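I have placed the structure first, in the form of structure tokens, so that the comments after it can refer back to it.
Please treat every number below as a calculation from the coordinates, not as lab data. These numbers were taken from a predicted model, which means no experiment stands behind them. So basically every Cβ, Gly included, is an ideal-geometry build from the backbone, and we count neighbours across all protein chains shown.
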């Protein structure tokens, strides 16, 4: 029946009660399982046992968002996109859940001599200036946030580990980037030099 429903039929079935809704939810669950398996197969930290949780969380989000569907695509495409975002967000959270912010920042590997690739002669002065500014011109909290972001930790996880709100963390991160930018400008680098 999944292929037989058009967008309006999906919406109508999911917004009613009873057997029609249960059948639509069952069909949508199947669509999301297939879509997530396909979309997540290249994710190194993905395990099949998480699929049911992702699908359940996605169904809840989709049902809450039905009024936001704008009929610009097929309903199942829209629903699958939501499910993929839900799954990727959860995988990103899980990836950083057991990583200590303190350890991540202590193991920065950001020093010019510790970079994984040898920078070319032109970028070496910029890297050295960035390291100097991050080490000396930022507050401890700004340095922690900036280095964690450089390492790829999600802001939500940084905020959780710092015991901060996302808004406060965003402000701290913004201020750190502004100080870094000003420090680079004072060192003689500008947007044209860096790009």
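Here residue 98 and residue 37 are evaluated by their C-beta separation; at R0 = 25 Å the FRET efficiency comes out at 0.50. Annotation: peptides 28-36, 70-78, ranked by per-residue average of other Cβ atoms within 10 Å with the highest first, follow the order 28-36, 70-78.
The mean sequence separation of alpha-carbon pairs under 8 Å and at least six residues apart, normalised by the residue count of the chain, gives a relative contact order of 17 percent. State the label only: which of (1) 8, 30, 34, 22, 5, 0; (2) 8, 26, 22, 19, 16, 8, 2; (3) 9, 36, 38, 15, 2 corresponds to P(r) over Cα pairs in 10 Å bins from 0, in percent computed from the shown model? Comparing each candidate, only (2) matches the computed number. Helical runs assigned H by DSSP (4 residues or longer) give the chain a calculated mean residue ellipticity at 222 nm of -21500 deg cm²/dmol, each run adding -39500 (n - 2.57) before division by the residue total.
Spin-label model, residue 72/residue 139: points 7 Å from Cα along the beta carbon direction are separated by 4.0 nm.
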